[in-house]
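Every read-out reported here was derived from the displayed coordinates using simple, explicitly stated rules and does not represent laboratory data. From a predicted model like this one, the values you see are computed outputs, not experimental measurements. Cβ sites come from the backbone with ideal geometry, for glycine too, and all protein chains shown count toward neighbours.
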Amino acid sequence: MLKQRRTQFDVETQGRLSLLIVVVIGYLVTFLGAFSSEGYQGTLAETILALLLGVVYVLLEWHDEAYFRRFSARWATPLFFGVQIGLIFAIQWLIGPGGIWLVSLPLAATAVQWLSPLWRWPVYAAILMGMFVSLGFRYDLWEAALFFAISVSPALFFVVIFTEQGVREREARRRAEELTADLAAANRQLSAYAVQAEELATIQERNRLAREIHDNLGHYLTVVNVQIAAAKVLLASDAARAVEALDKAQALTQEGLGAVRQSVAALRESPLGQRPLPDALADLVQESNNAGIVTELTLVGRPRALTSPEQLTLYRTAQEGLTNIRKHARASRADLTLDYSSPGCVRLTIADNGLGAAQTRSGFGLLGIRERVQALGGEVRVETAVNQGFALSVTIPSCKEEGAV
């Protein structure tokens with residue numbers, strides 16, 4: 001943000017400085033030309049006074065922003081423009097209009113920056129009137145004065161229009177910077193809320209796990225401990241009852257293990273829910289279509305039941321593949337093929353018509369897919385080339401009995 005402000009300041013400062021340099025150079029050239037011409041009627045004192053007034057005028061123009069920041073009273077604005085108009089009039093009166101009209105251009109630009117549209121027009125009129133009056137009264141050339149004021153008007157209004165455009169651009173830039181700052185602040189706030197929500201979710205999950213362990217596993221371990229203690233007491237005097245107590249302890253152990261498995265299964269609830277794999281993949285395809293990529297799912301062979309790990313692996317593969325296509329491929333089309341035709345395995349292929357790559361880079365997503373597939377004894381194949389798209393094929397063994405899904 002600081003860099004942006006410095007850049008904006010430098011651009012505006014350079015623009016103002018360039019305009020003032022042009023005006024000063026034009027002023028000096030015109031001044032020296034008028035002073036050295038044979039028809040020049042001003043005295044040496046008038047010439048020096050005009051030069052000093054020009055210096056004061058330029059300095060006030062250069063420090064206009066500092067002036068308006070320091071003086072915010074209602075009288076400050078009329079005073080500033082009144083003094084500047086008076087200086088322009090005095091300079092033109094002392095040495096004649098000629099090219100001195102150039103000194104009026106910065107004041108017209110300043111009026112655009114600090115005055116409302118209604119109050120700018122009196123300033124423009126006063127600038128032109130100063131040229132007209134000085135040439136008319138001082139040199140008694142009223143027709144020439146009128147022609148001169150009219151001929152200078154286009155240049156004056158060109159500067160006005162150019163400055164208005166710059167002011168609008170500066171205002172748009174300021175609003176964009178404010179919006180960027182607001183969005184950054186909102187993003188920081190959302191990040192803080194996300195951290196708080198994550199911490200709260202972690203605490204809630206810990207509490208839930210503590211309840212599960214206490215209610216399920218703690219109960220079974222307590223009863224098992226009682227049965228083992230009873231078996232130890234009866235082992236010497238009544239072996240049959242001791243064995244019976246141990247059998248009960250073993251049964252309770254099996255029940256406890258079942259309860260643990262249920263808790264773990266609940267923690268690892270599949271994103272598929274109760275949906276068949278083809279239906280879950282169809283939802284992913286619909287999401288991809290909604291994102292603007294034409295995506296189709298093709299089923300080959302008769303769908304059959306798969307184990308939960310097999311379904312989850314294929315689902316996560318499709319999810320990661322479509323996500324990568326949306327993020328990186330710049331593709332307009334993607335095709336998913338779920339192939340049940342081989343009795344000993346099931347194959348999922350994801351292909352797009354995107355940019356492709358010269359070589360495969362194993363990011364975390366592809367690495368996670370390989371780990372999942374290899375854990376099931378399957379394999380992953382990737383085919384890609386520059387401007388030839390990307391194809392990901394996953395094959396996993398399927399040993400579950402066949403049946404309609």
- Note on the structure: Along region 59-76, Karplus-curve 3J(HN,Hα) (6.51, -1.76, 1.60; θ = phi - 60°) to the nearest Hz, with x for Gly and Pro, reads 5, 5, 4, 5, 9, 4, 5, 4, 4, 6, 6, 7, 10, 10, 5, 5, 6, 5
- Taking LYS232, LYS248, LYS327 and counting other C-beta atoms within 10 Å, the order from fewest to most: LYS327, LYS232, LYS248
- Debye calc, one equal point scatterer per Cα of region 277-397, no solvent, log10 I(q)/I(0) at q = 0.11, 0.13, 0.15, 0.22 1/Å comes to -0.33, -0.46, -0.62, -1.33
- Message: With an 8 Å Cα cut-off and a minimum separation of 6 or more residues, compute the relative contact order for region 278-358 in percent.
- Response: 32 percent
- Message: Cβ neighbours within 10 Å, averaged per peptide: list 158-166, 86-94 in order, most packed at the top.
- Response: 86-94, 158-166
- Query: What is the fewest-to-most order of SER237, SER288, SER308 by other Cβ atoms lying within 10 Å of their Cβ?
  - Reply: SER237, SER308, SER288
- Message: Taking the beta-carbon count within 10 Å as an exposure proxy, list VAL152, VAL300, VAL195 from fewest neighbours to most.
- Response: VAL195, VAL300, VAL152
